[in-house]
Amino acid sequence: MAYNVLMDVEDVSATLKEIRRVLRPAGMLVISIVHPFSDRGRFANTEATSPFVIQNGYFGSKRFEGTEERDGLRMRFAGWSRPLEAYATALEDAGLAITSLREPVPQAGNGWNRMQRWTRIPLFLWLKARPLALR
């Protein structure tokens, strides 16, 4: 399980190769990351219908650092934003094949007003990968 960690490592390829090395031949890797598309833009405002604006393009790797404040708490975030192809290539190079890809849509509930706009743009990406046959 790699839950929201691959976007935090500089060398995702080496990380996935190490995961593949210790993964059993019949094992499965489950990955959750912030969706590469959502990393590359921002909503223009907090309204549910707010436009999503891409900033500085989608392709290429980009380091990010930022601070979010909510309900009196301050959280610092830092990591890497990469396009989907970078993750797919790193998985393939590590000897892993994507067997499932999901872009979950938030469900109504607690915090719905804040999350409603994410029903239009993917916030997370979930992948399953299995080892390829030995080459």
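The values are calculated or read from the model by the stated rules, or taken from the named source; none is laboratory data. Nothing here was measured: the structure is a model prediction, and the numbers come from that model. Because the Cβ atoms are built from the backbone with ideal geometry, glycine has one as well, and the counts that use them run over all protein chains shown. The accessibility values were calculated without ligands, DNA or RNA, using every heavy atom of the protein model including side chains. Shrake-Rupley method; radii C 1.70, N 1.55, O 1.52, S 1.80 Å.
What to note about this one:
- Among the residues of the range 86-113, those that are within 30 Å of Glu47 (Cβ to Cβ) and either surrounded by 16 or more Cβ atoms within 10 Å (Cβ to Cβ) or without any contact (Cβ under 8 Å) to a residue 60 or more places away in the chain (or both) comprise Leu101, Arg102, Pro104, Val105, Pro106, Gln107, Ala108, Gly109, Asn110, Gly111, Trp112.
A quick yes/no check of all residues on (1) open to solvent by 40 Å² or more (accessible area, probe 1.4 Å); (2) outside any strand (DSSP E or B); (3) within 18 Å of Arg130 (Cα to Cα):
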| position | (1), (2), (3) |
| --- | --- |
| Glu18 | yes, yes, yes |
| Arg24 | yes, yes, yes |
| Arg42 | yes, no, no |
| Ser50 | no, yes, no |
| Phe59 | yes, yes, no |
| Thr67 | yes, no, no |
| Phe77 | yes, no, no |
| Trp80 | yes, no, no |
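- Every residue from the range 26-40 that is in a loop (DSSP other than H, G, I, E, B) and either β-branched (Val, Ile, Thr) or open to solvent by 40 Å² or more (accessible area, probe 1.4 Å) (or both): Ala26, Met28
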